[in-house]
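Structure first, then comments.
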Amino acid sequence: MKNKYIIQRNILHEQGINQLNILFMKVCSVLFFLPLFSLNLFAQTANKNTEQLLNSGVLAMGNDSVESVPIIYQRDNVPFVEVVIDGKKYLFLFDTGASGCFISSEIAGKANIESSLPIEDAGGKENNANVVFKNISIGKSSFNNIVCLVVNTERLANLGCVKIDGIIGTSLIKLCNWKLNPTNQMISFSKTAFKKEINSTEFNIEFTDSRLPLVQLSYDQIAFYALIDSGFSGYFQSNDDVLWKSKKYKKLKRKEGFGQYALAAFSIQNSFVSNLKIDSFKMQSGFITNIPATICSCKPTVGSALLKRNVFVYNFLEKKMILTPVNYDTTLNSIFDIGFGLNDSNQLVINFVWENKETKKAGFKIGQQVLKIDSNEIGKLSYAELCDLKKSLQSKNELRVALLIGKKMKEFVLFKQPPYL
């Protein structure tokens with residue numbers, strides 16, 4: 001019988017304490033345009049136990065006590081860092097929501113396979129991932145003997161429309177403390193804790209069994225824990241179960257949609273989702289305000305868009321988080337109320353629909369083939385061509401689209417709408 005990582009969370013109320021057991025087996029999460037990339041990690045099947053895997057790794061720093069390297073932000077919010085493995089440069093996502101580091105089979109090369117871990121994606125599909133140990137250099141420093149899980153990163157790059165060679169997770173992050181500065185776009189790391197500034201706020205963090213960081217939030221006197229996840233590009237996500245007792249929450253207007261919203265390592269997740277704006281959360285001694293939130297089949301998560309409103313210090317070794325506010329444009333761009341993807345035949349199809357009067361009247365459905373966009377006929381597309389198409393739509397405010405509905409072609413004109421009501 002498999003031993004799943006289970007975290008017991010307390011949902012606190014002023015009138016008492018209710019305990020809620022939640023399976024929290026997430027290895028990493030990356031939210032791109034549609035997608036959330038998430039994996040669930042089960043107990044491994046090899047001789048080395050989980051604790052040994054989590055405790056591996058050694059940091060060999062240069063002469064400086066603090067080292068800083070550039071952050072490369074993709075999709076506006078998600079931080080990437082250049083690393084060197086076996087003498088070659090790669091671009092890795094810095095992901096506090098990942099238990100392990102992830103690399104491709106090409107990067108793994110001929111490294112000895114130390115074990116095999118059964119991992120389950122958000123849809124419940126289970127696959128085995130080989131475990132290898134690698135030395136990963138960042139700047140002048142070397143993180144040696146790091147646990148890395150071997151996955152298909154090319155698929156993630158194709159579907160997410162980003163360059164991603166691998167993921168930096170807790171198996172490396174745990175070796176020091178970190179500071180992400182969106183103003184000068186630098187990430188720093190040190191074996192000593194980063195100090196609190198005059199206008200900073202410090203928060204205690206707790207860890208899951210797999211050392212993923214949690215922070216306590218409360219909304220309308222309902223308290224809960226949320227994952228601190230720099231690999232999730234949104235502001236905040238959760239499910240209705242966490243806040244359903246709040247009358248205030250129930251009154252919030254929502255923009256609802258359905259379709260493909262989650263990109264996992266081995267599958268794409270389908271779900272109903274809704275966007276809403278939350279006025280404020282209390283986070284221990286302070287407040288965070290004006291939070292765009294996504295409600296889906298997911299656990300409470302604080303993402304990189306919210307963290308990027310601040311200089312984000314992650315003092316892992318002291319179990320502290322420090323936020324120092326910076327000027328950051330939180331304007332959310334308007335969107336078209338349908339999303340596009342490729343089917344198994346590489347045809348362009350609708351893969352997401354936001355529900356409103358126009359989309360209901362048009363009868364948009366998941367899987368309908370797109371024949372034309374702005375009078376340009378659409379044939380079979382590669383993933384690179386799909387990404388170019390999505391990029392071109394960002395600058396458009398009007399979209400003329402022809403769909404195959406039944407055996408007939410029907411044309412529609414769409415205009416960009418706010419992502420939140």
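Pick from segment 286-319 the residues that are assigned to a strand (DSSP E or B) and hydroxyl-bearing (Ser, Thr, Tyr): which of them is most open to solvent (accessible area, probe 1.4 Å)?
289
Determine, yes or no, whether residue 293 is at pLDDT 90 or above, under 30 Å from residue 187 (Cα atoms), small (Gly, Ala, Ser) and within 16 Å of the chain's Cα centre (by Cα).
yes
Would you call residue 336 open to solvent by 60 Å² or more (accessible area, probe 1.4 Å), at pLDDT 85 or above, over 27 Å from residue 99 (Cβ atoms) and among the hydrophobic types (A, V, I, L, M, F, W, C)?
No, not satisfied.
Determine, yes or no, whether residue 410 is part of a loop (DSSP other than H, G, I, E, B), open to solvent by 70 Å² or more (accessible area, probe 1.4 Å) and at pLDDT 90 or above.
It is false that residue 410 is part of a loop (DSSP other than H, G, I, E, B), open to solvent by 70 Å² or more (accessible area, probe 1.4 Å) and at pLDDT 90 or above.
For segment 320-334: of the residues being part of a strand (DSSP E or B) and more than 20 Å from the chain's Cα centre (by Cα), which is nearest to residue 248 (Cα to Cα)?
325
What helices (runs of 4 or more DSSP H), lying completely within segment 164-256, carry at least 3 residues that are open to solvent by less than 30 Å² (accessible area, probe 1.4 Å)?
Fully inside segment 164-256 and qualifying: 170-173.
For every residue, the table says whether it meets (1) modelled with pLDDT under 70; (2) open to solvent by less than 10 Å² (accessible area, probe 1.4 Å); (3) part of a loop (DSSP other than H, G, I, E, B); (4) among the small types (Gly, Ala, Ser).
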| position | (1), (2), (3), (4) |
| --- | --- |
| 96 | no, yes, yes, no |
| 106 | no, no, no, no |
| 113 | no, no, yes, no |
| 118 | yes, yes, no, no |
| 129 | no, yes, no, yes |
| 132 | no, yes, no, no |
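Just wondering, is there one or more residues in segment 82-93 that are modelled with pLDDT of 90 or more, in a strand (DSSP E or B) and closer than 30 Å to residue 337 by Cα?
Yes, some residue in segment 82-93 is modelled with pLDDT of 90 or more, in a strand (DSSP E or B) and closer than 30 Å to residue 337 by Cα.
Name the single residue, out of those in segment 57-73 being at pLDDT below 90 and assigned to a loop (DSSP other than H, G, I, E, B), that is farthest from residue 189 (Cα to Cα).
57
Could you tell me whether any residue of segment 379-393 is of a type outside the set (A, V, I, L, M, F, W, C), part of a loop (DSSP other than H, G, I, E, B), loosely packed, with under 14 Cβ neighbours inside 10 Å and at pLDDT below 90?
No, segment 379-393 has no match at all.
Can you tell me which of 243, 276, 252 is in contact (Cβ under 8 Å) with a residue 40 or more places away in the chain and in contact with a Lys or Arg (Cβ under 9 Å, 6 or more places away or on another chain)?
Answer to the check: 276.
The values are calculated or read from the model by the stated rules, or taken from the named source; none is laboratory data. For clarity, every value in this text was computed on a predicted model and none was experimentally measured. No Cβ is skipped: glycine too gets one built from the backbone with ideal geometry, and neighbour counts run over all protein chains shown. Remember, those area values only see protein heavy atoms, side chains included, never the ligands or the DNA or RNA. Shrake-Rupley method; radii C 1.70, N 1.55, O 1.52, S 1.80 Å.
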